[in-house]
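What follows is one structure encoded as structure tokens, with my remarks underneath.
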Amino acid sequence: MKQIVVGTAGHIDHGKTALIRALTGIDCDRLKEEKERGITTELGFAFYRFGEDLLVGIVDVPGHERFIRHMVAGAWGIDMVLFVIAADESVMPQTREHLDICDLLGIKRGIITITKKDLVDEEMLELVREEIGDLVKGRFLEKAPMVAVSSLTGENIDVLRDEIYRASSLIDERSREGIFRLPIDRVFTIRGFGTIVTGTCISGHIQVGEEVEVYPVEKRARIRNIQAYHQDVKEAGAGQRVALNLQGVEKQEIERGTIIALPGTLLPTSRIDASLRYLKLPFNAIKNNSTLRFHVATTQAEGKLILLGRNAIEPGDEAFVQISFAEPLAVLPGDRFIMRGSYAVQTLGGGVILDIQPKRHIRKPEPLRETYELLSKGTLQERLLYHVHKGGYEGMKKEKLAILLGLEGRSLEQVADTLSGRNAVKIVGRTVVNAPTFVEYKKTLHQLLTDFHKKNPFKIGISKEELRTKLPKVDPLVFQAALDDWVNEGQVEADKDKVRLLSAGSSGETALGKWETDILKRLFDYGLTPPSLPELAGTMNMKEANLKDMLERLVHQRKVTRVKSDMYFHADPIKDLRDKVVALLKSKGEMAPADFKAITNLSRKYMIPLLEYFDESRLTIRTGDKRVLRSS
């Protein structure tokens, strides 16, 4: 069954609630105050089934200027509007304002419904039709059907139902793909059930048992039950009026304006980029940094308007703006908003959210124009590249990127893979990096290695962790990918913890080679009794730091063995000693310190470090004061 949501709009006391009651048999005024005063102050909800083909949910909105917030909340996300004008009063202030709001919210379809037909004659009715025609000329309702009805007598109610059915057939049912979002317009409790929230599902779908999050308050809950139009259902989605029974969250923790979504699918923000249209009103220009009231879905928030590239916006103008909010709100790009004065009761304008995590812009005309054009008219791929570029060397996690584009995970993967195939982005794990930025990062890594070798000609290389911390901050996997690229290109060697340029020291290899030859000869001559590092540096007339670097190069090349931090041996005597220790242990089964001294004739200065070295290198294992061969 196709399902759509219709909303009413129009001036107070023009018969919206009575019209819905005549259409559906449901009274949307549920509050005692509403029944006593005869006006709607809260949102009301009804529905009507057209056989087995179509189910229409209907949102009844208040017409009074004091309840514009409720009106916007009800109109946001509807598929079609029943634009109500009373025959005995014709066009009134809220008629005009509600039309502006519907226009700003991007509503494309509607039916103009003239109510209270029974109170006027045909001549008056014709005058009302003419006045309405003037009102909607050039607007989205210009070619909308116009039906005059009497909710009291029932005249033409069937005709209106037929028009609703016909118009509904022209509306595409909302896709249930995408990010599930349910802006909350009512919160209440039912004894024995707990917390209930209601709203119009604007995208995605949800099932009983799923975990959800309340944004932006970061509260988790689980769905115990779902109702759509007073019937229990296992699943609900876009285009439906939905009631969720939530487990794990209290009524006082949720309020109108919060959003129900799946965990990790929204990103609360305190700053947005947007396009803004200031209605052509007889008002003054709005100045930069003005504080105004913004309505998005069921959310109302105070925000500071930052005009980009100008100091004021005149009535009738459109502009690229940034809005800074005192409290975070959960929105997505493409969401429409309404702007009103902080204290005035007039709707001033509205627009479309373009970026929910914008950068601070340089206020120069050309860059601002390019950014505005890209965000408002750019392709999905162009906007993905824009956000990835904002991420710099760090790039963007796929999960965050999906939210910034208003996509679900699978759709994001497809777009990112396409760009990766064109070498426009580099995908590393869950991170997407702008390809030219990744190349810059690689060049920076290479330059750091080059500079390191120039300053440290005796060192074999730099530790991988030290190199990573000297580079711009990125995900460790991005660093490793850049390093691997250089290794695969044959320019860098990464052995264990050391990283070096393969070309490092090529111009000074002869000089280094002479030092290495001299060090190896001396260590070989010392055998198993080498001098300490300071002593060896003194005999060679070499700086101790440079000698240590040279010795570490030789350790890396396995020509020298480091037994302690400052005790280095030529590798050959150590290998010979190792062979003797293995032979002794295989013949005797164990080795006491006296046995080791017998085959080495060394003092404790060398015996103890060497015995501990064989333990640490996993040749032997100590049991008491003896050693045995460690099993492989």
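Read the figures in this text as sums done on the coordinates, not as results from a lab. Just so we're clear, the structure is a prediction, and the values are computed from it rather than from any experiment. Ideal geometry is used to build each Cβ from the backbone, glycine not excepted, and the neighbour counts take in all protein chains shown.
When Leu279, Leu471 are sorted by how many other C-beta atoms sit within 10 angstrom of their C-beta, beginning with the fewest, the order is Leu471, Leu279.
In a reduced charge model with +1 at each Lys and Arg Cβ and -1 at each Asp and Glu Cβ, the range 269-365 shows a dipole moment near 260 debye about its Cα centre. Kirkwood hydrodynamic radius of the range 573-629, from the reciprocal of the average inverse Cα-Cα distance over all distinct pairs: 11.1 Å. Taken about its Cα centre, the range 133-203 carries a charge dipole of about 360 debye when Lys and Arg each add +1 at the Cβ and Asp and Glu each add -1 at the Cβ. Only one residue of Gly7, Ile323, Phe479 has its Cα farthest out toward the positive end of the dipole of the chain, where Lys and Arg carry +1 and Asp and Glu -1 on Cβ, and that residue is Phe479. Note on Glu616 and Met540: their simple-model spin labels are 2.0 nm apart, each label 7 Å out from Cα toward Cβ. The orientation-averaged shadow of the Cα convex hull for the chain, equal to a quarter of the hull surface, comes to 41.8 nm². Compute the FRET efficiency between Glu131 and Thr444 as 1/(1 + (r/R0)^6), taking r as their Cβ-Cβ distance and R0 = 45 Å, and round to the nearest 0.05. After rounding, the FRET efficiency stands at 0.10.
This ranking places Glu163, Glu413 by how few other beta-carbon atoms lie within 10 Å of each, fewest first, which gives Glu413, Glu163. Considering helices alone, the calculated mean residue ellipticity of the chain at 222 nm is -11000 deg cm²/dmol, with DSSP H runs of length four and up weighted by -39500 (n - 2.57) and normalised per residue.
Listed by chain and number, the aspartates and glutamates whose C-alpha is less than 17 Å from the C-alpha of Lys626, apart from same-chain residues fewer than 8 away, are Glu590, Asp595, Glu612, Asp615, Glu616. Taken as Cα centroids, the range 141-190 and the range 569-619 sit 91 Å apart, rounded to the nearest whole angstrom.
Taking the Cα centre of the chain as reference, the dipole from Cβ charges on Lys and Arg (+1) and Asp and Glu (-1) amounts to some 3660 debye. Checking the Cα-Cα distances for Lys2/Lys400; Lys543/Lys564; Lys304/Lys397; Lys219/Lys470 against a 31 Å cut-off, the pairs over it are Lys2/Lys400; Lys219/Lys470.
Ordering 424-431, 360-367 by mean Cβ neighbour count within 10 Å, with the highest value first, yields 424-431, 360-367.
Tell me whether the range 269-365 comes out rounded, prolate or oblate; compute the Cα gyration tensor, take square roots of the eigenvalues as a ≥ b ≥ c, and use a/c under 1.5 as the rounded threshold. Here the range 269-365 falls in the oblate category.
Arranged from fewest to most other beta-carbon atoms within 10 Å of their beta carbon, Cys102, Cys201 become Cys102, Cys201. Taking 26 Å as the cut-off for C-alpha to C-alpha distance, list the pairs among Lys377/Lys442; Lys137/Lys280; Lys464/Lys548 that go past it. Lys377/Lys442, as the Cα separations exceed 26 Å there. Once the dipole of the chain is set up with Lys and Arg at +1 and Asp and Glu at -1 on Cβ about the Cα centre, which of Val81, Met607, Gln231 lies farthest towards its positive end? Highest projection toward the positive end goes to Met607. On full extension, the segment bounded by Gln480 and Thr153 gains 110.0 nm, given 0.36 nm per residue less the C-alpha separation.
Pairwise Cα separations in the range 452-591 fall into 5 Å bins from 0 onward with the following percentages, short to long: 2, 9, 16, 18, 15, 13, 11, 8, 6, 3, 1, 0. State, to one decimal in nm, how far the label point of Gln207 lies from the label point of Glu250, with both points 7 Å from Cα in the Cβ direction. Result: 3.2 nm between the two label points. Note that the range 181-261, at 10 °C in a medium of 1.306 mPa s, gets a Stokes-Einstein diffusion coefficient of 131 µm²/s from its Kirkwood radius over C-alpha pairs.
Of all aspartates and glutamates in the structure, the ones whose alpha carbon falls short of 18 Å from that of Lys455, not counting any fewer than 8 places away in one chain, are Glu466, Glu509, Glu544, Asp549, Glu552. The equivalent ellipsoid that matches the C-alpha gyration tensor of the range 338-386 spans semi-axes of 27, 14, 10 angstrom, in descending order. With both labels modelled 7 Å from their Cα along Cα-to-Cβ, the Asp625 to Ala583 distance reads 2.7 nm.
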